[in-house]
Amino acid sequence: MFRIASYNIRKSIGLDYRRDPLRVLGVVNSLAADIVALQEVDRRFGTRKSSIPAALLKDETDYFALDVATRNGSIGWHGNAILLRRGTRVTRISRIDLPGLEPRGAVSADLALASGPLRVVGLHLGLRSKDRRTQSAALVEHLKTLPDMPAIVIGDFNEWSQQGRNLTALHSVLDMHVPGRSYPTQRPVAQLDRIAHSRDLRVENSAVHRCKSAARASDHLPIWADMARA
């Protein structure tokens, strides 16, 4: 069994409007996950460097960032980063362009875990329902080009419909799991943060993560799930 988590960190800006990457990393550590997908990692303006300095990640956590960045000072791509426990072996990395009105992308890692191979895709889908439909379809088509293995797609799906009616392409090949309401932080009403997994995996336990720091660190609460092979 392994634990996977997802967290939209809003460029490390909390509800107090302070940018505090150390606070964000404290929340990440409290998740006790083996794999963490982050969204909105990069700053919006200027060089758009990571809001979490790589040195801070190294000093304050047991994680390293998947090597997906294409700009100096970033740890992600299109704002998406995947953190892995040190010592995790990565066998393949993919950057996936997602169509839409605004630039979007997903990042994918094939991992060699002790329990077997695993593919993890971290994403942040678009705000428009039309874009989410086309992005879901584009992601499924990309996954078809990769070697078959157990897979998890996790992140901020930006989908307000509980049934996920704009994610039908993903539903056709993956099971969707919703840990709970994670947005906005102080009064969660939306289930934007979700987990889609191949049918050779199952969710043993999951939750929206609530702690004092998470209540202030971002406008999203993180989610996590303990996964096992079916």
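Please get the size of the charge dipole for segment 1-140, origin at its Cα centre, with Cβ charges of +1 on Lys and Arg and -1 on Asp and Glu, quoted in debye to the nearest 20.
The dipole magnitude comes to about 320 debye.
In square angstrom, what is the accessible area per residue of segment 1-98 with a 1.4 angstrom probe?
47 Å²
Among A109, C211, P150, flag the residue with its Cα farthest along the positive direction of the charge dipole of segment 92-230, charges on Cβ as +1 for Lys/Arg and -1 for Asp/Glu.
Comparing the listed Cα positions along the dipole, C211 ranks first.
Does segment 97-230 come out rounded, prolate or oblate by the C-alpha gyration tensor, with a ≥ b ≥ c the root eigenvalues, rounded set by a/c under 1.5 and, if not, prolate when a/b is larger than b/c and oblate if not?
Judged from the Cα gyration tensor, segment 97-230 comes out oblate (a/c at least 1.5, b/c at or above a/b).
Ignoring ligands, DNA and RNA, what percent of the accessible area of the chain is carbon or sulfur (1.4 Å)?
48 percent
How many nm is it between the label spots at A228 and K212, if each spot is 7 Å from the Cα in line with the beta carbon?
Using points 7 Å along Cα→Cβ, the separation is 3.5 nm.
Just grab the label-to-label distance for K144 and L56, each label 7 Å out from Cα along the Cβ direction, in nm (one decimal).
Reported label-point gap for K144 and L56 is 4.2 nm.
If a paramagnetic tag sat 7 Å from the Cα of K130 along the Cα-Cβ line, which residues of segment 141-185 would have the backbone N under 19 Å from that point?
Taking a point 7 Å out along Cα→Cβ of K130, the residues of segment 141-185 whose backbone N falls under 19 Å are 158-161, 165-169.
Under a GNM of the chain (C-alpha, springs under 10 Å), which listed residue has the highest mean-square fluctuation: N29, N158, N166?
N29
When averaged across all projection directions, what area in nm² does the alpha-carbon convex hull of segment 61-140 cover?
6.1 nm²
Radius of gyration and Dmax for segment 35-87's Cα atoms, expressed in Å?
Cα only, segment 35-87: 10.3, 33 Å (Rg, Dmax).
For q values of 0.09, 0.11, 0.12 Å⁻¹, compute log₁₀ I(q)/I(0) with the Debye formula on a Cα-only model of the chain, without solvent.
These q points yield log10 I(q)/I(0) values of -0.31, -0.48, -0.58.
Taking Cα centroids, how far is segment 149-195 from segment 32-83 in Å?
So the two Cα centres are separated by 22 Å.
Once the mean 1/r over all distinct Cα pairs of segment 1-85 is inverted, what Kirkwood radius in angstroms do you read off?
By the Kirkwood definition, the hydrodynamic radius is 12.7 Å.
Tell me whether segment 1-40 comes out rounded, prolate or oblate; compute the Cα gyration tensor, take square roots of the eigenvalues as a ≥ b ≥ c, and use a/c under 1.5 as the rounded threshold.
prolate
So with the 1.4 Å probe, I'd like the accessible area per residue for segment 149-230, rounded to whole Å².
It amounts to 43 Å² per residue over segment 149-230.
The values are calculated or read from the model by the stated rules, or taken from the named source; none is laboratory data. Just so it is clear, the structure is predicted and the values come from calculations on it, not from any experiment. Cβ coordinates were reconstructed from backbone atoms using ideal geometry, including for glycine residues, and neighbour counts include every protein chain displayed. These area figures cover heavy atoms from the full protein model, side chains too; ligands, DNA and RNA do not enter into them. Shrake-Rupley method; radii C 1.70, N 1.55, O 1.52, S 1.80 Å.
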